[in-house]
Amino acid sequence: MPHLISGLNSLAQLTPVLARYPARRILLVTGKGSYAASGARAHTEAALQGRSILHFYDFDVNPKIEDAQRGVALAREEGIDLILAVGGGSVLDMAKLIKAFYASPGAEKTLTQGKTPVTDPDIPLIAIPTTAGSGSEATHFAVVYLGADKYSVAAPCLLPDQVILDGSLLASAAPYQKACNLLDALAQAIESAWAVGSTAESRGYSFEAIDLIMQHARAMVQPDADSVTLQAMAEAAHLAGKAINISKTTAAHAWSYGITGTYGIPHGHAVWLTLPAIFQIHALADETQINDPRGPQHLRAIMVQLMQALSIATPDQASTTLRQFMTDIGAEPDLTKSGPDTPEKRTALSTQVNMQRMSNNPVRLSDADIQAIFDL
């Protein structure tokens, strides 16, 4: 796992962190506006003073292979020997993609498709998240789009070497952005808990993340969220990232990419446009629907624990309770009001599914289930 420094104003530790590496040429990967708005730029520039820096920030919020190819071409040309990523999930993923592609010129597409293995370029990666959502700083994979298709590039070497979790960097985000970020982290924790690929370790991270998020969610989306809340959410997102690094995600994430790609709905919000209905189906599933080899009792125990953690009184109230939670933090819960306002549009979305994520789902979803999820 990465060496972790966590705490308010811990970005001040970047100077001694950088001193551990004899880097001559550093690739700095950031967002376009968030780098300055978060307050990260001032601290980072001070730590980097006197060093040779290549700054890469001109890429899409949903990382495209073309953007990663441009970034890695620049990195190779300059002969970088350390990557410093400061930003949200897309920024951290872009940094990982550049590292993944660095040692394999011309093989970016086959590597993305899983036909070519990732070769470790032995370039250290330092990750500093400025949002509390993706947990990308705690995972060994990165999302990339090849055309309209979403892929996940994975390799042990993509797990960052150093992580700085500084909750003060989250303060500048707008309430809706904070809501989308915390919904992403909460979805990851929930899905990790029930995933076929879950373990006792990943479930431990999941429930620790859920407890932190539920304690601080409503305070987090306020314009004046306090420092305790900000740091707690940074740590919760990191825990959710550690959970999915082991278990991977499931059905709600499997459908979210199509929702985001078609209607431009931010990822965390997109996941939750199906999650409440999926949760209720899982809570009510009978043993004939269970897709987890550990059997129905295993899933039932997990669902009871999840309902307690999320204050859901009974299985048949799950969807209503979770949709109300979305409303409370400022995210529209109704899929039909978020763009796909006809049955035809929602039917099209229901077919846009990432099968790798769906195969990790513990319940087999019937046609009737899918109709209920997409309000058909």
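From largest accessible area down, sort Tyr21, Tyr35; use a 1.4 Å probe on the protein chains.
Tyr21, Tyr35
Cα atoms only, region 23-144: Rg and Dmax in Å?
So, for region 23-144, Rg and Dmax equal 13.5, 42 Å respectively.
Leaving out ligands and nucleic acids, note down the accessible area per residue over the chain with a 1.4 angstrom probe, in whole Å².
39 Å²
Under a 10 Å cutoff between Cα atoms, tell me which one of Leu322, Leu48, Leu92 has the largest fluctuation in the Gaussian network model of the chain.
The residue with the greatest mean-square fluctuation here is Leu48.
For the chain, take the alpha-carbon Rg, divide it by the Kirkwood Rh, and send me Rg/Rh.
Here the Rg-to-Rh quotient is 0.96.
Using the Karplus curve 6.51 cos²θ - 1.76 cosθ + 1.60 with θ = phi - 60°, work out ³J(HN,Hα) for each residue of region 9-23 in order, rounded to whole Hz, and write x for Gly and Pro.
Using θ = phi - 60°, the values come out as 6, 6, 4, 4, 7, 4, 4, x, 5, 5, 5, 6, 10, x, 7 Hz.
Counting pairwise Cα distances across region 211-266, what percent come out greater than 17 angstrom?
55 percent
Projected onto the charge dipole of the chain (+1 at Lys/Arg Cβ, -1 at Asp/Glu Cβ, origin at the Cα centre), which of Val153, Ala23, Ser192 gives the Cα projection farthest towards the positive end?
Farthest towards the positive end: Ala23.
Determine the dipole magnitude for region 223-376: charges of +1 sit on the beta-carbon of Lys and Arg, -1 on that of Asp and Glu, nothing else is charged, the reference point is the Cα centre, and the result goes in debye to the nearest 20.
The calculation lands at about 460 debye.
In debye, nearest 20, what is the charge dipole magnitude of region 1-155 about its Cα centre with +1 on Lys and Arg Cβ and -1 on Asp and Glu Cβ, if you could check? It would help to have the intermediate numbers written out before the result.
Working: 14 positive and 14 negative charges, 26 e Å.
In total the dipole reaches around 120 debye.
Tally Lys/Arg at +1 and Asp/Glu at -1 over every other residue whose Cβ is under 15 Å from the Cβ of Ala243; what's the total?
With Lys, Arg at +1 and Asp, Glu at -1, the neighbours total -3.
In the neighborhood of Ala195, defined by Cβ-to-Cβ distances under 10 Å, what is the net charge if each Lys or Arg adds +1 and each Asp or Glu adds -1?
Its environment carries a net charge of +1.
Using a probe of 1.4 angstrom, how much of the accessible area of region 78-229 is carbon and sulfur, in percent? Please list the in-between numbers first.
Working: 2460 of 4740 Å².
Percent of accessible area from carbon and sulfur atoms in region 78-229: 52.
Say we join alpha carbon atoms closer than 10 Å with springs in a Gaussian network model of the chain; which of Leu27, Leu230, Leu74 then has the biggest fluctuation?
The residue that fluctuates most here is Leu74.
Net charge within 13 Å of Ala68 by Cβ-Cβ distance, Lys/Arg positive one each and Asp/Glu negative one each, not counting Ala68 itself?
Spelling it out: positives minus negatives among the neighbours equals 0.
Taking springs between alpha-carbon atoms closer than 10 angstrom, which of Ala174, Ala187, Ala236 fluctuates most in the Gaussian network model of the chain?
Ala174
Packing-wise, with mean Cβ within 10 Å as the measure, how do 114-123, 244-253, 151-160 rank, highest first?
In descending order of packing, they fall as 244-253, 151-160, 114-123.
Can you compute the helix-only [θ] at 222 nm over the chain? Use -39500 (n - 2.57) per DSSP H run of at least 4 residues, normalise by all residues, nearest 500 deg cm²/dmol.
Helix-only estimate at 222 nm: -15000 deg cm²/dmol.
Please list, short to long, the whole-number percent of alpha-carbon pairs of region 73-224 in consecutive 5 angstrom bins beginning at zero.
Final binned percentages: 2, 9, 16, 18, 19, 16, 11, 7, 3, 0.
Between region 126-178 and region 52-109, what's the alpha-carbon centroid distance in Å?
Their Cα centres are 14 Å away from one another.
Return the equivalent ellipsoid semi-axes of region 1-61 as a descending list in whole Å, where each equals the square root of 5 times an eigenvalue of the C-alpha gyration tensor. Don't jump to the answer; show the numbers that get you there.
On the way: eigenvalues 72, 53, 29 Å².
Computed over region 1-61, the values are 19, 16, 12 Å.
Expressed in nm to one decimal, what extension gain is obtained for the pair Asp211 and Asp60 from 0.36 nm per residue of sequence separation less their Cα-Cα distance?
Contour length minus Cα-Cα distance gives 51.1 nm.
What full-extension length gain, to one decimal in nm, is calculated for Leu376 and Gln49 as 0.36 nm per residue of separation minus the Cα-Cα distance?
112.0 nm
Lys32: which lysines have alpha carbons under 22 Å from its alpha carbon, excluding same-chain residues fewer than 8 sequence positions away?
Lys64, Lys96, Lys99, Lys178
The values are calculated or read from the model by the stated rules, or taken from the named source; none is laboratory data. Remember, it's a predicted structure, so these values are computed and weren't measured experimentally. With ideal geometry, Cβ positions are generated from the backbone for all residues, glycine too; neighbour counts draw on all protein chains shown. Surface accessibility is based on the protein's heavy atoms, side chains included, excluding ligands, DNA and RNA. Shrake-Rupley method; radii C 1.70, N 1.55, O 1.52, S 1.80 Å.
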